[in-house]
Every structure is written in C-alpha cells, then in structure tokens.
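The values are calculated or read from the model by the stated rules, or taken from the named source; none is laboratory data. What you are looking at is a predicted structure, and each value in this text was computed from that prediction instead of being measured. Note that each Cβ is placed from the backbone with ideal geometry, even for glycine, and that neighbours are counted across all protein chains shown. Surface accessibility is based on the protein's heavy atoms, side chains included, excluding ligands, DNA and RNA. Shrake-Rupley method; radii C 1.70, N 1.55, O 1.52, S 1.80 Å.
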Amino acid sequence: QVQLVESGGGLVQAGGSLTLSCAASGGTFSSYVMGWFRQAPGKEREFVAAIRRSGSVKSYADSVKGRFPISRDNAKNAVYLQMNSLKPDDTAVYYCAAASGYNYRLPSDYDYWGQGTQVTVSS
C-alpha cells in the first residue's frame, strides 16, 4: 500500500509560480510511474504530467507543456511539479498518483492517489 501526500498548493497571481511536492511512503517508489492530475469544479479529472520510473521519460498535457516541468527524486521518494506562468485556467485541485503499470494518461491507469492540494490562480 502506497500513501501519497501532496503539498505546496496555494493562491497565486496570474504569471506566478508554485511548486507542488508529493511525498510517497509504504512502497517501492522507484517501481511506480508517477503522475499529476487536476480537477476543476464541475470538470473531470484531467492528466497534467507523468514521469517514468527512472525519471528519463516525461509526458505532458498540451495545456501545460513548456510551463509545468515534472521531476522525481527516487532517493527521497518524492515527485515534484514546478508550475510556471500560471493562468486562471490552471485553478484546480491537483492530485499526485502512482501507477504500477505502463500506461499513464488516464485516471484508471493509477493505483494510488493523494488527497489533493488546491491551486488557485487569480487574474
């Protein structure tokens, strides 16, 4: 059983930056693909970014490509999402998730989820 805890959310003005962190415990962190998703009010949960086990392969949603680099530190059992040039449309609850398989774009690909952290971008 893997436990995931996100931190780093908050209120920021448009154009600003935030870094989200996700701390993992209870499993072999390096054996999981790690992903970030977000969910805005009234909308479905959507893929943001994912990083493969070694950290060498990263994937992004078109909406965040070039703005939200994802990284992981397997020694610290942590994954990060650096959010730059934030826009009001980025406002959502952001979730960290761990996948034991090889697919990573759908919520159903993931086995474990954090509780989420709120990110609010004001205009």
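Order Trp113, Trp36, most accessible first, counting only protein heavy atoms with a 1.4 angstrom probe. Mind dumping the intermediate values first?
Details: Trp113 75, Trp36 0 Å².
Result of the area sort, largest leading: Trp113, Trp36.
Structural descriptor for the chain: relative contact order 35 percent, calculated from alpha carbon pairs under 8 angstrom and at least 6 residues apart. Counting only lysines at least 8 places from Lys76 when in the same chain, those with an alpha carbon closer than 23 Å to its own are Lys58.
All other residues with a Cβ under 14 Å from the Cβ of Ser59 taken together, and with Lys, Arg as +1 and Asp, Glu as -1, what is their net charge?
Details: positive: Arg52, Arg53, Lys58, Lys65, Arg72, Arg105; negative: Glu46, Asp62, Asp109.
Charge balance near Ser59 sits at +3.
Assuming charge only on the beta carbon of Lys and Arg (+1) and of Asp and Glu (-1), the dipole of region 2-102 about its Cα centre is about 240 debye to the nearest 20.
Measuring nothing but protein heavy atoms, the accessible surface of the chain at 1.4 Å probe radius is 47 percent carbon and sulfur. Mind checking which aspartates and glutamates have their Cα closer than 18 Å to the Cα of Lys43? Skip sequence neighbours fewer than 8 apart in that chain. Once the sequence-local aspartates and glutamates are set aside, what remains near Lys43 is Asp62, Asp89, Asp90.
Grab the other residues whose beta carbon is less than 15 angstrom from that of Gln115, score K and R as +1, D and E as -1, and report the net. Please list the in-between numbers first.
Working: positive: Arg38, Arg45; negative: Glu6.
Charge balance near Gln115 sits at +1.
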